[in-house]
């Protein structure tokens, strides 16, 4: 939604005439949109409108969360490799440099995951639990991550 808003504002600013600085008006639009979203969420919380979420089916919520996860992963891959994640670009991901970049990203992810696990163990379970890796239970069997 924010990207659509920013692209619309950018197109209108360019149509009027090429401005010297596009960053300032775009940042103003982003800040205003964020503030208005925050105000709307606070108002919804104050009027106890959060109970309406019960009427949204679980498959809809699951699909929304799956799409959000896909956008995050594909965006991260694009930032890391400078290539879009699609079938047309699969050959580009076999390049040695691209594979090294992806391997480095996976190594950082694993290191952060390990650090989060150790921090959680040393401080208790106050840190939110999220992991892509299975965790082991007390009897040694692995269970899916939360």
Considering only residues that are more than 15 Å from residue 106 (Cβ to Cβ) and part of a helix (DSSP H, G or I), which ones fall in segment 73-89?
74, 75, 78, 87, 88, 89
Selection within segment 1-52 - loosely packed, with under 10 Cβ neighbours inside 10 Å and under 21 Å from residue 71 (Cβ atoms)
1, 3, 4
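Go through segment 14-25 and count every residue that is part of a helix (DSSP H, G or I) and without any contact (Cβ under 8 Å) to a residue 12 or more places away in the chain.
Of the residues in that region, 5 qualify.
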For segment 80-121, name all the residues that are surrounded by 14 or more Cβ atoms within 10 Å (Cβ to Cβ) and more than 20 Å from residue 70 (Cα to Cα).
116, 117, 120
Among the residues that make up segment 114-137, is at least one of them modelled with pLDDT of 90 or more and under 18 Å from the mean Cα position of the chain (by Cα)?
no
Considering segment 36-48 alone, what residues qualify as being in a helix (DSSP H, G or I) and either in contact (Cβ under 8 Å) with a residue 24 or more places away in the chain or over 26 Å from residue 5 (Cα atoms) (or both)?
46
Can we say residue 107 is more than 18 Å from the chain's Cα centre (by Cα) and either assigned to a loop (DSSP other than H, G, I, E, B) or at pLDDT 90 or above (or both)?
yes
Residue 72 meets each of (1) more than 26 Å from residue 5 (Cβ to Cβ); (2) under 19 Å from the mean Cα position of the chain (by Cα) with one exception, condition (1)
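Per-residue answers, yes or no, for (1) within 20 Å of residue 1 (Cβ to Cβ); (2) touching a helix residue (DSSP H, G or I) at 6+ places or on another chain (Cβ under 8 Å); (3) assigned to a helix (DSSP H, G or I):
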site: 27; (1), (2), (3): yes, no, yes
site: 52; (1), (2), (3): yes, no, yes
site: 68; (1), (2), (3): yes, no, yes
site: 93; (1), (2), (3): no, yes, yes
site: 100; (1), (2), (3): no, no, yes
site: 112; (1), (2), (3): no, no, yes
Checked pairs for segment 51-74, first free of Cβ contacts under 8 Å to residues at least 40 places away in the same chain, second surrounded by 10 or more Cβ atoms within 10 Å (Cβ to Cβ), C-beta under 7 Å and 6 or more apart or across chains, list as 74/85
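The values are calculated or read from the model by the stated rules, or taken from the named source; none is laboratory data. Everything quoted here is computed from the prediction, not taken from an experiment. In this analysis, Cβ positions are derived from the backbone assuming ideal geometry, glycine residues included, and neighbour counts consider all displayed protein chains.
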